[in-house]
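What follows is calculated from the coordinates using simple rules that are stated; it is not laboratory data. For clarity, every value in this text was computed on a predicted model and none was experimentally measured. Backbone-built Cβ (ideal geometry, glycine too); neighbour counts: all protein chains shown.
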Amino acid sequence: MSVLDSTIICSACELTISTSRTWGMFKYRLRIGKTLPIKRTLGWCHSCENFTAVEDFSDRSSIHQRISELETFLANTLDIDLSKVRQGFESLDLKTHEQRRNNAWELDNLKNRIPFFEKRESPPRCLMCASIYIVHLRFDPPTEGQGSVRLGFVNPTCGGSLFIETTSRRINMSLDNIFYDREGRRMK
């Protein structure tokens, strides 16, 4: 997996943080054989006293709307039968085929999140220490070459302003699965 790296920099101190802290195969283990990817973002954990990966439930209120959009797209696009394409009976629009596959995966993921949210009792947690005393850092990573973008977040340790910039550095890595229970606590 190759990922474009972004760095968060403080205007008042030497703080430099890579957004790679949120990278990994973070998954909830719901029952034997059933997992759900954890949606996460970078945040400040008051217990760790650091920036770290935190659970992100920002899509909770819009899940049903997104499910409806995906179901409409899937219903209105042709499900391609690859055997008929090989025989010349259908044409293959690779972009639509790829989009259908990605949307079907997203739809399945979102439908699995509904019962998860219904059973979840605790608020979002820090994925390193499981503390609920976190602040989400909300931002859209800048595009390559865009320069620094102010985040509108004050560094809790020194009061400086935080900026994010995307480097031209791409990182290749193999990621291990890290499993959490339904309440966001890391499993051993």
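Let me have the relative contact order for the range 1-68, percent, based on Cα pairs under 8 Å that are six or more residues apart. The partial results should precede the final answer.
Working: 70 pairs, mean separation 13.2, N = 68.
Once normalised by length, the contact order is 19 percent.
Suppose R0 equals 41 Å. What FRET efficiency, 1/(1 + (r/R0)^6) with r the Cβ-Cβ distance, do Q146 and I67 give to the nearest 0.05? The partial results should precede the final answer.
Values: r = 32 Å, r/R0 = 0.79.
The calculated FRET efficiency here is 0.80.
Looking at this model, which pairs from K95/K119; K27/K111; K27/K95 are more than 27 angstrom apart at the alpha-carbon? Could the numbers behind the result be given before it?
Values: K95/K119 37 Å; K27/K111 16 Å; K27/K95 29 Å.
The answer is K95/K119; K27/K95.
Find which of C45, T72, T22 sits farthest along the positive direction of the dipole of the range 22-83, computed with +1 on the beta-carbon of Lys and Arg, -1 on that of Asp and Glu, about the Cα centre.
Going by the Cα projections, it comes out as C45.
Determine the distance separating the Cα centre of the range 147-168 from the Cα centre of the range 1-68; give it in Å without decimals.
Measuring centre to centre over Cα atoms gives 17 Å.
Need the full-extension length gain, C158 to S122, defined as separation in residues times 0.36 nm minus the C-alpha distance. One decimal, nm. Walk me through the numbers on the way to the answer.
Numbers: separation 36, 0.36 × 36 = 12.96 nm, distance 3.00 nm.
Extra length from C158 to S122 when fully extended: 10.0 nm.
From the C-alpha coordinates alone, can you work out the Kirkwood hydrodynamic radius of the range 1-70, in Å? List each step's numbers first, then the result.
Details: mean 1/r = 0.0676 Å⁻¹.
Across the range 1-70, the inverse of the average 1/r is 14.8 Å.
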